[in-house]
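So the structure is just underneath, and the comments pick up after that.
The values are calculated or read from the model by the stated rules, or taken from the named source; none is laboratory data. This is a predicted model, so every value here is computed, not measured. Glycine also receives a Cβ, built like all others from the backbone with ideal geometry; neighbour counts cover every protein chain displayed.
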Protein chains: 2
Amino acid sequence: MADKYTQLVNQGVGKSVARKLGLPQPAILRRYRPGSPLVPGPVVVLGDSPASDKLAAELLSWELDIRRHAVPREKLGAIILVLDNVQRPEDLGRPVLAAAASLRDLAPGARVLTVSRPAATAASPAIAAARQGIDGLLRSLAKELRAGATGNGILLADDVEATSPSALGAVRFFLSGRSAFVDGQFLTVSGQGGTLPPQADTPLAGKVAVVTGAARGIGADIARTLHRDGATLVVVDLPSAGDHLAAVANEVKGTALQLDITRDDAGQRMIDHAVQRHGRLDIVIHNAGITRDKLLANMDPARWDSVININIASQLRINEALLASKHFRSAPRIVSVASTSGIAGNRGQTNYAASKGGVMGMVRATASLMAGNGGSINAVAPGFIETEMTSRIPLALRETARRLNSLKQGGQPVDVAEAIAFLASDAAAGINGEVLRVCGQNLVGA
Amino acid sequence: MADKYTQLVNQGVGKSVARKLGLPQPAILRRYRPGSPLVPGPVVVLGDSPASDKLAAELLSWELDIRRHAVPREKLGAIILVLDNVQRPEDLGRPVLAAAASLRDLAPGARVLTVSRPAATAASPAIAAARQGIDGLLRSLAKELRAGATGNGILLADDVEATSPSALGAVRFFLSGRSAFVDGQFLTVSGQGGTLPPQADTPLAGKVAVVTGAARGIGADIARTLHRDGATLVVVDLPSAGDHLAAVANEVKGTALQLDITRDDAGQRMIDHAVQRHGRLDIVIHNAGITRDKLLANMDPARWDSVININIASQLRINEALLASKHFRSAPRIVSVASTSGIAGNRGQTNYAASKGGVMGMVRATASLMAGNGGSINAVAPGFIETEMTSRIPLALRETARRLNSLKQGGQPVDVAEAIAFLASDAAAGINGEVLRVCGQNLVGA
């Protein structure tokens, strides 16, 4: 569900009034529905490297309508710009201008996707300049797209091919409605991945997943989304949220575990519960978190310490138990919920931003420890998401906050959940130690 | 000079009217004046690591009024929070809350400075979380400070001591008025540096510096600032700007070189001119750049190619000549002007953002090539700066753009120039391959 303003300006009188007054007209975003087409039209694959040919051929096998050149005035579902082989900044012009010629033909909810390589590992200054130039280009372009279309980039580590399972998994995610509120972002694929599972309505079938803070809000929607994708759920929350938690557990046909995640033995209790009740543990989603906002000048130790303890210290303790457990060694996945506040900072949230910055530092530093078992750990960083919590922000401030991004609207909890479900899936096997923003290209988080 | 609005709300009737109406009240920033005190009051050094003791002792020798504990109601010039030794997120609370207690006592134009280590090289997830937590904390705190006070962080590579020459050079820069418009930023010190030159009014004495695009705007102010700091200047611009260029050359007592920087031999001509006229070449500032804004859908090859060629391809060619020259091997410095548009993207600037992203990629990839001769290459990324160019932006848009940062005002050209002069100095010897934003913690560039 879009917010009321977004609904209003997308129908009847509201639509024409908004247009006449020059008010923002956020689009109804294209979101994932099981069984619906991956993209809303043909996909043009541009670029002249061997990788672009291979990628186009591979995408043909997905039963997509693939073009190597745009046909004028045909509504496009996506433009994929393969720039893996640029040697200097001058190489960008030709493929980028070819894409430019098709931008007016993008269908609502279309995608622009670049596929390139990280500047940090470039063999020369000229290659690094070309690669980093794609970053500036894509982030600018994302700000120019309309009607719910988004622009994102995939960065392939130098030994990862564009047609490797994990690269294709990332392509599929970005093309799909699962990435509706991800905009202007780059995601690095550092491993080839095993095999890309076929497109399926239940990519998490057979997996057992723990979700913390699942009694309500984004956590409950994460549980629902993982359940829809086929996972067996263990939903975790405080005993005081027991009734809500039981309702969610019931809804997702999972089990409820009442647990204070700050307990020293919280990790072991999760493992024990999952193994005893469901025979295994594959996925842990660290979603539980609190805010205790105050300007730092007015901060007290209780507010500071509780946020640090619940939002990050507990995750570190739980991860230690997970890493030590023999029950969490078969391509295990951890996904943490960070925040754009942890990236860019936020007034009144020194404690929260420290904790969420901490989550991102933890994720990057834990990646190598997870890789040994074919596992991964990643984070999503939500921007402004429409929740019960944000609905309590004063109207004017909320209206400003939710429009301060390229999609001119807040995201939905399901947008965060979809990104998490993707990172928890086998399709994301080669993505490890990354932070993916789900923020509509929030200005505050750049 | 602050913009007219900022002047208005800082004096007499304008000040009280703005306060009553709740209008933004940007402060007149504390800017560097030769001979003026480094900070506007005592400096409190907090933290309990050995490094904090050593740093406090070292700063005493700068004739600063150093405290290890704040005295209530004493107006402070700066708080330095030494957090180099944090082992887990819980370690942050005590020193951070000690700093919190003194925030109300900061003098106008005061500084909060963290000194810590990069999360990327942490030995454990807990250390990484603590280190990255400082990032979220500092960026939040910077958004809470008032009256022209700023917050920034120094990241010391693991083998760099807090009292090494380059760490002290960075501390001096951030405490000083040279960093007036740098806010919410981290600067990594990756080398110890040789010896920290004493504080002097002419830290660039004896150096010969080339500045491109120096006939007007930011380039002219860079030339003026390097001249004030003691450098001998070669100012470069197109023949068509010859009169302006001659005037600047005359003002800074340097020489003018009329040169199209896109010429294949531009680098060699700079070297030849500097060596023939001034006997040496130490510093090259790549400032020349153009904008040719268009939505990508309306972009043409001429606009795209000219921006790429002038803003980045020419820098790559010139750097090749510099790196090959025997006249540029004695602790040489290159500083490039990037842009927050290249970091976060900007609507209508795909070409410009690609070129400025390219500059940053180039700088990072060229660092190792410069290090061999004790040299360095870095970039500054200006946000909204008050120039002739930005004065042509329509009023409403300009007013919004210049307030969209923590200091609620545009920067001055001299703010960019001061950051460049610092990076060009011996005090910055250990800083290499970095991009420093001069943007007042611009929301667009986060």
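Say whether the condition of being within 30 Å of B:GLY22 (Cα to Cα) and away from chain A (no Cβ under 11 Å) is met by at least one residue in the range B:373-382.
yes
Of all residues in the range A:367-397 being touching a residue at least 12 places away in the same chain (Cβ under 8 Å) and part of a helix (DSSP H, G or I), which is farthest from A:ALA427 (Cα to Cα)?
Once the filter is applied, the top-ranked residue is A:THR390.
Can you give me the number of residues within the range A:68-122 that are more than 8 Å from chain B (Cβ to nearest Cβ) and part of a helix (DSSP H, G or I)?
Residues in the range A:68-122 being more than 8 Å from chain B (Cβ to nearest Cβ) and part of a helix (DSSP H, G or I): 6 in total.
Which of the residues belonging to the range B:286-314 are part of a helix (DSSP H, G or I), crowded, with 24+ Cβ neighbours inside 10 Å and not hydrophobic (A, V, I, L, M, F, W, C)?
Hit for the range B:286-314 is B:ASN311, nothing else.
Does the range A:424-433 include one or more residues that are within 11 Å of chain B (Cβ to nearest Cβ) and within 23 Å of A:SER314 (Cβ to Cβ)?
Yes, the range A:424-433 contains a residue that is within 11 Å of chain B (Cβ to nearest Cβ) and within 23 Å of A:SER314 (Cβ to Cβ).
Of these, B:ALA338, B:ALA354, which one is modelled with pLDDT of 95 or more, within 17 Å of B:ILE310 (Cβ to Cβ), surrounded by 24 or more Cβ atoms within 10 Å (Cβ to Cβ) and more than 8 Å from every other protein chain (Cβ to nearest Cβ)?
B:ALA338
Answer yes if at least one residue in the range B:387-404 is farther than 20 Å from B:ALA338 by Cα and within 19 Å of the chain's Cα centre (by Cα), and no otherwise.
no
Give me a count of the residues in the range A:296-310 that are facing chain B (nearest Cβ under 9 Å) and in contact (Cβ under 8 Å) with a residue 24 or more places away in the chain.
So the answer is 5.
Filter the range B:16-36 down to residues that are of a type in the set (A, V, I, L, M) and free of Cβ contacts under 8 Å to residues at least 24 places away in the same chain and give me whichever is surrounded by the most Cβ atoms within 10 Å (Cβ to Cβ).
Of everything passing the filter in the range B:16-36, B:ALA18 is surrounded by the most Cβ atoms within 10 Å (Cβ to Cβ).
Out of (1) modelled with pLDDT under 90; (2) surrounded by fewer than 24 Cβ atoms within 10 Å (Cβ to Cβ); (3) of a type outside the set (Lys, Arg), what's the single condition that is false for A:LEU369?
Every condition holds for A:LEU369 apart from (1).
I'd like to know if the range A:145-160 contains one or more residues that are more than 26 Å from B:ILE312 (Cα to Cα), among the charged types (D, E, K, R) and not in a helix (DSSP H, G or I).
Yes, the conditions are met somewhere in the range A:145-160.
Condition test on A:GLU418, is it surrounded by fewer than 23 Cβ atoms within 10 Å (Cβ to Cβ) and either farther than 27 Å from A:LEU295 by Cβ or not polar (S, T, N, Q) (or both)?
Spelling it out, it is not the case that A:GLU418 is surrounded by fewer than 23 Cβ atoms within 10 Å (Cβ to Cβ) and either farther than 27 Å from A:LEU295 by Cβ or not polar (S, T, N, Q) (or both).
Pick out the one residue from A:ILE334, A:ILE343 that is under 20 Å from the mean Cα position of the chain (by Cα), in a strand (DSSP E or B) and closer than 27 Å to A:GLY193 by Cβ.
A:ILE334
Take A:ASP84 and tell me if it is within 21 Å of B:THR350 (Cα to Cα), modelled with pLDDT of 90 or more, out of contact with any helix residue (DSSP H, G or I) (no Cβ under 8 Å at 6 or more places or on another chain) and surrounded by 19 or more Cβ atoms within 10 Å (Cβ to Cβ).
Spelling it out, it is not the case that A:ASP84 is within 21 Å of B:THR350 (Cα to Cα), modelled with pLDDT of 90 or more, out of contact with any helix residue (DSSP H, G or I) (no Cβ under 8 Å at 6 or more places or on another chain) and surrounded by 19 or more Cβ atoms within 10 Å (Cβ to Cβ).
Which residue pairs have Cβ atoms closer than 7 Å, lie 6 or more positions apart in sequence or on different chains, and pair a first residue in the range A:108-119 that is free of Cβ contacts under 8 Å to residues at least 40 places away in the same chain with a second residue that is among the polar types (S, T, N, Q)?
Partner pairs satisfying both residue conditions: A:ALA119/A:GLN132.
Condition first: more than 9 Å from chain A (Cβ to nearest Cβ) and aliphatic (A, V, I, L, M). Now tell me which residues in the range B:123-158 satisfy that.
Across the range B:123-158, the qualifying residues are B:LEU145, B:ALA147, B:ALA149, B:ILE154, B:LEU155, B:LEU156, B:ALA157.
For A:LYS54, which of the numbered conditions (1) of a type in the set (Lys, Arg); (2) within 22 Å of A:PRO197 (Cα to Cα); (3) at pLDDT below 95 fails to hold?
Condition (3) is where A:LYS54 drops out.
Counting just the residues of the range B:380-405 that are polar (S, T, N, Q) and within 18 Å of B:LEU29 (Cα to Cα), which one comes out surrounded by the most Cβ atoms within 10 Å (Cβ to Cβ)?
B:ASN405
Cβ-Cβ below 6 Å, separation at least six or inter-chain, first residue in the range A:326-338 and more than 12 Å from A:ILE285 (Cβ to Cβ), second part of a loop (DSSP other than H, G, I, E, B) and at pLDDT below 95: which pairs?
A:ARG329/A:ASN373; A:ALA331/A:GLY374
Looking at B:VAL39, B:VAL13, B:VAL45, which one is of a type outside the set (Gly, Ala, Ser), crowded, with 19+ Cβ neighbours inside 10 Å and free of Cβ contacts under 8 Å to residues at least 60 places away in the same chain?
One residue alone meets the criteria, B:VAL45.
Out of B:ALA371, B:ALA365, B:ALA424, which single residue is in contact with a Lys or Arg (Cβ under 7 Å, 6 or more places away or on another chain), within 30 Å of B:SER330 (Cα to Cα) and among the small types (Gly, Ala, Ser)?
After ruling out the rest, the residue left standing is B:ALA424.
Here is a check on your reading of the model: is A:ARG364 among the basic types (Lys, Arg), farther than 25 Å from A:ALA429 by Cβ and facing chain B (nearest Cβ under 7 Å)?
In short, no.
Confirm whether A:GLY440 is within 14 Å of chain B (Cβ to nearest Cβ) and either at positive phi or free of Cβ contacts under 8 Å to residues at least 12 places away in the same chain (or both).
Judged against the criteria, A:GLY440 is a match.
Of the conditions (1) within 14 Å of another protein chain (Cβ to nearest Cβ); (2) crowded, with 24+ Cβ neighbours inside 10 Å; (3) part of a loop (DSSP other than H, G, I, E, B), A:LYS408 clears all except one; give me its number.
Unmet condition: (2).
How many residues are closer than 18 Å to B:LYS143 by Cα and part of a helix (DSSP H, G or I) when one looks only at the range B:6-29?
Qualifying residue count, the range B:6-29: 0.
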